[in-house]
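Visitor: I'd like to ask some things about the structure below.
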Amino acid sequence: MSGKFLLLNKEVPSFMTPEKFEDHIEEFAKTARDFLDKEVHPVAEEIQSDEAKMILNPKLMAKAGELGLLMIEVPEEYEGMGMDLSTGLRVAEQMDEGSFGTTYMAHTGIGTLPIVFFGTEEQKKKYLPKISSGEWISAYGLTETGFGSDALGAKTKAVLNEAGTHYILNGSKQFITNAGFADLFIVYAKVDGEKFTAFLVEKTFPGISTSKEENKMGIHGSSTRAVILEDCEVPVENVMGEIGQGHKSALGILDIGRLKLGIAGVAGTKRAIKLSVEYAINRKQFKTPIAQFGMMRNKFAEMASKLFMFESAMYRTSGMIDEDLAKVDPKDPDFKKKVGKVFKDYDVETAMMKVMGSELGSFSVDQGVQIHGGYGFTEEYEIARMYRDARINRIFEGTNEINRLLIPVQILTHTMKGKLDLMGSLNQILKELKEDSVDKSYDSEKPLDREMRVVELTKKLVIYTVGTYVKKFMNKLADKTFTFTEGEYYYEPISNLVMEAYQMESGVVRAKEILEANIKNKLTKEYVELATFEGFSRVRSIASQLIATLSVDEKEHSRNMAGLWKLTMDYPVNTAALKEKIAEVIIEQGKYVI
Ligand SMILES: Cc1cc2nc3c(=O)[nH]c(=O)nc-3n(C[C@H](O)[C@H](O)[C@H](O)COP(=O)(O)OP(=O)(O)OC[C@H]3O[C@@H](n4cnc5c(N)ncnc54)[C@H](O)[C@@H]3O)c2cc1C
């Protein structure tokens, strides 16, 4: 159930972390790393032109196919490797070149997985081997000029021909990644203008064409075009899923696409750290390498500690989805329905990964440019391109606003339907507040025991604040006249609170496991102490702003704030010393390490 992690009194079950990948997976990820370093980065500048990208992308994809990098999540019976989402992410984490990374992610994610999960047996047999070998490149066409965020409003129309053999598609799809060299397009259209349906359209079908390349701000080396359908003839056997049920694959795959997009934040941050350390060591000002200046070191510490927390949340999420997907038998007649339910069950978490990953990536490339000074603003250094390339991640796969809407709306919907017992947790908090029994104790001798307590208080603060929101709108929520749009101003801060809680808990629990298992590490404790302290400060600030907005008068505000303060805790942390330790190790190693 999405949002379940917020509930109190639930042991956090051990979850997937980067440390738990088996050696053969790490070897495989290294193959991807070598491929990027030897084949992709050397042509990263050249691929930026419209001419070169049309040649280089298919060439690189064919090579990736040879190395097995396109078949990871494709089942073995269709010539894939049948591995899980987490493995796919570990490999995708190596795709740290924005343009090729976009081509790769669109193909292996939204261009492949709809067929894996929602295709017929014949469609899987026909298309998956070609896609997973790199012989064919795929694209996913949902957006239209008038329908971006409101994608299900699509106007593209499909009508069955008189012979009943083909659907005739008319309309156009906007901003389609890989369109310039794709062989297969997953296209959404409304049968008879009403029933939203997915179609598999080959580039050789009569009536499909693409526009010229978009002139974009970044990812210049990826292809983005409109796909035009003019009486395009699609055989009936190329309907994917049921007529009128296209929203299931469209939205379900977007959930997974969002998770996969989040990993770009990990990839980008690792590369931004690496390039910026290299630069900062060599660049001298005041006869001193700039890497020695505190404000530069602060940037490395911030990037790395945020990355530790985010990658913890990322693999926790993919691991949970993998566990549930593994329980669905592909031979089950209800396979598609059950898979759809798994995706739905994690829609809050995948939305959070998209928002957090894209914002972490943007933050890191921005820090990277700053570390490079004026040279970071020139195309001489890769960080300038990375800065431009990272910007799109906050827009596609559902803008961050749309994802920030989804997080509270889903949590509130589940709560109001009684599926998520947030009210039970809220009542417990209110009881503790009344009895003045909020536990803030911790054992300072036990590593991260204090941080575990902070995680608990953070969750309580989040539930308390959401509770204040629910109270304000309670009557409307109860008589169902509430449309959710009424509360929109509150959604952004609420989603920020929920994301902070999830990320903080994921980072602290992972770090505790690393320390308890004596896994070799240099910075785990420092990352978590720093990030938890900073995260908790943000949570307190957001919660008090929300409560100020939600309280009707001073009396109510004082009452609400009294509760908020009882749920917070002050403790001393030498953040400067933590940052110094982190920066020292990162600069010495030349990269992010745990
Ligand atoms: C380079 C690139 C590649 C892309 N690749 C693909 C692809 O492969 N396949 C595909 O189908 N699409 C693709 N897209 C499309 C992309 O997913 C859309 O651009 C995106 O979903 C936003 O739609 P829009 O551009 O129409 O913006 P709009 O929906 O018009 O949004 C404009 C602004 O309004 C905000 N907004 C909209 N609705 C709300 C709301 N209810 N509440 C609050 N704010 C709101 C948005 O967040 C945004 O800030 C791509 C786009 C680009 C630029």
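The values are calculated or read from the model by the stated rules, or taken from the named source; none is laboratory data. Since the structure is predicted, the reported quantities are computational estimates derived from the model, not experimental observations. Methodologically, a virtual Cβ is constructed for each residue, glycine included, from the backbone with ideal geometry; neighbour enumeration extends over all protein chains shown.
Visitor: Just to be sure I understand the filter: pairs with C-beta atoms under 6 Å, separated by 6 or more residues or on different chains, first member in region 379-394 and among the basic types (Lys, Arg), second member assigned to a loop (DSSP other than H, G, I, E, B). Which pairs pass?
Guide: Listed pairs, sorted by first residue: ARG388/MET217; ARG388/GLY218; ARG391/GLY218.
Visitor: Among (1) touching a residue at least 40 places away in the same chain (Cβ under 8 Å); (2) near the ligand (Cβ under 7 Å from one of its atoms), which single condition is THR143 missing?
Guide: All conditions are met except number (1).
Visitor: For THR415, which of the numbered conditions (1) away from the ligand (no atom under 16 Å from the Cβ); (2) part of a helix (DSSP H, G or I); (3) modelled with pLDDT of 95 or more; (4) among the β-branched types (Val, Ile, Thr) fails to hold?
Guide: THR415 satisfies every listed condition except (3).
Visitor: For region 181-193, what are the residues that are assigned to a strand (DSSP E or B) and either of a type outside the set (Val, Ile, Thr) or within 11 Å of the ligand (Cβ to nearest atom) (or both)?
Guide: As a first pass, look at region 181-193 and keep what is assigned to a strand (DSSP E or B): 184-191.
Passing the criteria: LEU184, PHE185, ILE186, VAL187, TYR188, ALA189, LYS190.
Visitor: State whether the residues of region 194-203 include one that is more than 16 Å from the ligand (Cβ to nearest atom), in contact (Cβ under 8 Å) with a residue 40 or more places away in the chain and either at positive phi or buried (at least 17 other Cβ atoms within 10 Å of the Cβ) (or both).
Guide: no
Visitor: Of the conditions (1) outside any helix (DSSP H, G or I); (2) more than 24 Å from LEU550 (Cα to Cα), LEU420 fails just one. Which one is it?
Guide: Failing condition for LEU420: (2).
Visitor: Of the conditions (1) of a type outside the set (D, E, K, R); (2) away from the ligand (no atom under 12 Å from the Cβ); (3) crowded, with 19+ Cβ neighbours inside 10 Å; (4) more than 30 Å from LEU275 (Cα to Cα), LEU406 fails just one. Which one is it?
Guide: All conditions pass for LEU406, except number (2).
Visitor: Select the strands (runs of 3 or more DSSP E) contained entirely in region 69-180, then report the ones holding at least 2 residues which are surrounded by fewer than 24 Cβ atoms within 10 Å (Cβ to Cβ).
Guide: 157-160, 166-177
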